[in-house]
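Notes for the one structure printed next.
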Amino acid sequence: MNIYCIFFFFFKQKTAYEMLRSLVGSEMCIRDRYQRRVRGATSPAMRLAQSCLLLLTAACVLAATTPMQTQNYYVPMRVEPDEFSTTLDHLDKLMQFAKDNKMSQNTQMWIRTASQKVRETLVNVDKEQAEERASKEIEEKKKKENPGPTAFTVVAGHSPDFTQQIGVKRLKGRGASQSRVKKYVADKLPGLLKAGKVDLSKPFIVSAGEAAVSDLQHKFTALKLLENKQARVRYLSPVKAKEKRSFDKQAEPGQPELEYQFITTEKYLVNCFNLRAKPDFRRMGGTQTEHCEMALPVSMVDPNMTDFQLRPTASLAGFAALEKQRAAFAGRAKQLEHLVPEGMSLESSLRQEASNQFVFGPSGSGEQLRTETESFVDGLVHGKKRWFLMSPEHFNRLRKEAQEVLEPASAFIFFEQQLEELIEDYDLGSEIPYFDVNQLPGDVIYIPGGMIMTSLSYQDSFSYKQKVITQEGGLGAIINSKFWDPQSGEVPRGFKYAVCRDLSVAAAGQQLGVQVHPQQAGMIEQVFGQFFPGIEQKNLMIIQILAECAPALNAGITGTYCSAVYSPCVQQLKKNAAAMGKQVPLWLSQDPVGKDEL
């Protein structure tokens with residue numbers, strides 16, 4: 001007896017389809033539970049066909065053992081992002097094969113459904129990508145029309161992105177409880193300066209003084225600083241910074257550059273701003289960041305801003321005329337590095353002498369009470385700072401009376417531990433006056449030369465600092481003081497021009513009309529011989545003089561020694577180079593007078 005099995009397959013179309021937005025993988029299921037892929041399948045369509053054969057085999061087994069019933073089969077198919085086009089092509093070929101071989105309508109139906117789903121996926125992906133592009137364009141347009149404030153850093157949260165989130169948590173506290181510094185309105189200050197109605201012997205602050213602060217905030221962030229691969233930060237380690245703190249000037253002359261490291265902005269952000277720091281190793285603002293306030297010459301960060309001026313105090317920015325040509329000289333300094341001490345970055349060293357800098361530091365950063373010879377203004381772009389200032393006379397009195405409390409320390413230690421005790425126990429503020437003020441983004445503070453000062457960053461901060469000239473003809477005197485100022489008694493700065501006259505202090509003084517006592521001249525020459533014995537060290541000082549004078553001569557600055565010292569310094573450098581078996585670039589020998597650029 002022969003038994004014939006006739007199978008009728010009724011396929012009910014039923015789909016459960018999911019498409020991931022990021023196209024990690026899209027599943028098209030004509031079933032209701034997951035099954036593993038069939039090994040050996042070379043594509044989603046082939047795997048689909050193999051799944052169907054397995055189902056047909058299972059159907060035959062079921063038909064031979066159980067009464068025939070209508071069955072619903074759901075065939076899985078998973079499509080990876082890079083397989084959509086290939087899968088669609090295979091499904092089209094499979095459909096054509098089904099038609100050519102006159103397969104059942106149900107078989108053609110599930111192949112057609114699969115093709116339709118893949119096509120829908122591609123259409124939806126294109127639509128979503130177009131919507132995403134349109135959304136980004138709208139956001140960019142909004143930013144341009146109304147950019148709003150931008151933070152210098154973004155402190156990492158509980159789920160940090162260690163490559164994008166850089167920063168230190170802000171300090172607690174309000175800073176100065178009341179302002180002890182005179183305030184001016186930005187629009188009125190220029191007129192008052194012109195009329196001579198501003199006391200430039202005392203500090204003052206201009207609230208919201210820099211109108212372009214919003215543009216500057218967008219332009220300068222920690223991530224933008226990270227992108228700068230050329231700049232080198234003049235960094236001092238925590239141990240060296242602590243050792244260097246002192247209220248007394250260093251007695252021994254030398255090259256302070258040798259105590260510093262010139263590090264990349266990336267390494268600096270790692271050291272001070274928690275770049276890529278894991279949660280357990282993030283620095284907290286205060287003693288862990290107190291050494292981190294650093295500065296970069298503007299020409300290193302943005303060459304287009306070398307002559308930028310803070311608007312309220314633009315009339316005092318006499319140095320701005322020199323900065324483009326100063327930067328041009330420093331840019332060529334690499335051609336002179338074979339003449340200076342080995343391993344030294346001459347370009348970085350020369351740029352450090354620029355009159356304008358970007359000053360930045362994390363929360364808790366700020367150095368000790370100190371003084372700067374030249375007056376300057378500081379415009380805060382990001383963050384919050386607290387400034388403390390005193391006249392030298394009042395500081396010396398306080399130091400004498402409170403020597404047990406007032407010790408050289410970082411700004412954080414001064415504000416957190418010393419200041420309150422000085423106010424309560426030593427009459428600071430009542431008998432001994434001082435200045436105290438908070439600085440917010442857009443505020444411009446003026447600091448007179450010689451003023452004792454310190455500042456503490458309560459938040460990650462970034463500011464534009466610019467030296468200013470408060471006396472007519474002062475620029476020439478400042479330039480001269482950098483290489484010939486015997487009255488200062490400082491070595492090498494006050495007698496530096498002697499290196500251009502074979503270390504003869506007497507000859508240098510005679511040429512410049514500033515005589516030096518023979519006994520003093522002999523002592524100075526001995527100091528030079530002891531602390532600067534190498535010819536490379538002497539060459540460095542010669543190049544520093546040329547870097548000051550070339551821009552001054554080109555800019556036509558009057559009242560300087562530059563026209564008298566430039567040629568002798570070039571000739572001395574040539575003589576030294578010849579003794580080393582080396583040469584001086586031709587451009588350095590050319591007289592800079594009357595030229596627009598070097």
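The values are calculated or read from the model by the stated rules, or taken from the named source; none is laboratory data. Every value quoted in this text rests on a predicted model; they were computed, and no experiment measured them. As a convention, Cβ positions derive from the backbone with ideal geometry for all residues, glycine included, and neighbour counts pool all protein chains shown. Ligands, DNA and RNA are stripped out before the accessible areas are found, and what is left, the full protein with its side chains, is counted by its heavy atoms. Shrake-Rupley method; radii C 1.70, N 1.55, O 1.52, S 1.80 Å.
Summary table
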| read-out | value |
| --- | --- |
| Residue list for region 550-578, restricted to those being touching a Leu at 6+ places or on another chain (Cβ under 7 Å) and either under 29 Å from Glu472 (Cβ atoms) or at pLDDT below 95 (or both) | Ala550, Pro551, Ala552, Ala555, Ile557, Tyr561, Cys562, Ser563, Ala564, Tyr566, Cys569 |
| Matching residues in region 93-115 - criterion: being open to solvent by 60 Å² or more (accessible area, probe 1.4 Å) and under 23 Å from Asp126 (Cβ atoms) | Arg112 |
| Failed criterion for Val584 (all others in (1) of a type outside the set (D, E, K, R); (2) over 36 Å from the mean Cα position of the chain (by Cα); (3) at pLDDT 90 or above hold) | (2) |
| Count of region 76-91 residues which are within 14 Å of Trp110 (Cβ to Cβ) and free of Cβ contacts under 8 Å to residues at least 24 places away in the same chain | 0 |
| Filter result (part of a helix (DSSP H, G or I) and either touching a helix residue (DSSP H, G or I) at 6+ places or on another chain (Cβ under 7 Å) or open to solvent by less than 20 Å² (accessible area, probe 1.4 Å) (or both)) within region 193-215 | Leu193, Lys194 |
| Residue that is least open to solvent (accessible area, probe 1.4 Å) [pool: residues in region 507-523 that are more than 21 Å from Ile479 (Cα to Cα) and assigned to a helix (DSSP H, G or I)] | Ala521 |
| Flag for Lys334 being open to solvent by 10 Å² or more (accessible area, probe 1.4 Å) and touching a residue at least 40 places away in the same chain (Cβ under 8 Å) | no |
| Evaluation of Glu407 against (1) within 22 Å of Gly175 (Cα to Cα); (2) out of contact with any helix residue (DSSP H, G or I) (no Cβ under 6 Å at 6 or more places or on another chain); (3) outside any loop (DSSP other than H, G, I, E, B) (one fails), failing number | (3) |
| Pairs where the first residue, in region 273-300, is modelled with pLDDT under 90 and the second is surrounded by 23 or more Cβ atoms within 10 Å (Cβ to Cβ) and not in a loop (DSSP other than H, G, I, E, B), C-beta under 8 Å, 6+ apart | none |
| Considering residues of region 372-395 that are open to solvent by 40 Å² or more (accessible area, probe 1.4 Å) and at pLDDT below 95 only, the residue farthest from Lys242 (Cα to Cα) | Thr373 |
| Residue among Tyr268, Tyr184 that is touching a strand residue (DSSP E or B) at 6+ places or on another chain (Cβ under 9 Å) and under 21 Å from Ala151 (Cβ atoms) | Tyr268 |
| Residue list for region 293-309, restricted to those being part of a strand (DSSP E or B) and open to solvent by less than 20 Å² (accessible area, probe 1.4 Å) | Met294, Leu296, Pro297 |
| Failed criterion for Gln530 (all others in (1) without any contact (Cβ under 8 Å) to a residue 12 or more places away in the chain; (2) assigned to a helix (DSSP H, G or I); (3) more than 30 Å from Gly343 (Cα to Cα) hold) | (3) |
| Among (1) over 15 Å from Leu171 (Cα atoms); (2) touching a helix residue (DSSP H, G or I) at 6+ places or on another chain (Cβ under 6 Å) - the single one Pro362 does not satisfy | (1) |
| Only listed residue being surrounded by fewer than 17 Cβ atoms within 10 Å (Cβ to Cβ), at positive phi and of a type outside the set (Ser, Thr, Tyr), chosen from Gly343, Gly286 | Gly343 |
| Strands (runs of 3 or more DSSP E) lying entirely in region 328-402 (those with 1 or more residues that are under 13 Å from Ser455 (Cβ atoms) and more than 24 Å from the chain's Cα centre (by Cα)) | 385-390 |
| Qualifying residue in region 546-566 (condition: without any contact (Cβ under 8 Å) to a residue 24 or more places away in the chain, open to solvent by 50 Å² or more (accessible area, probe 1.4 Å) and part of a helix (DSSP H, G or I)) | no |
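Every residue, every condition in (1) over 26 Å from Met284 (Cα atoms); (2) without any contact (Cβ under 8 Å) to a residue 24 or more places away in the chain; (3) charged (D, E, K, R), yes or no:
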| site | (1), (2), (3) |
| --- | --- |
| Asp436 | no, no, yes |
| Pro441 | no, no, no |
| Val444 | yes, no, no |
| Ile447 | yes, no, no |
| Ile452 | yes, no, no |
| Ser457 | no, no, no |
| Ser461 | no, no, no |
| Tyr464 | no, no, no |
| Ile479 | yes, no, no |
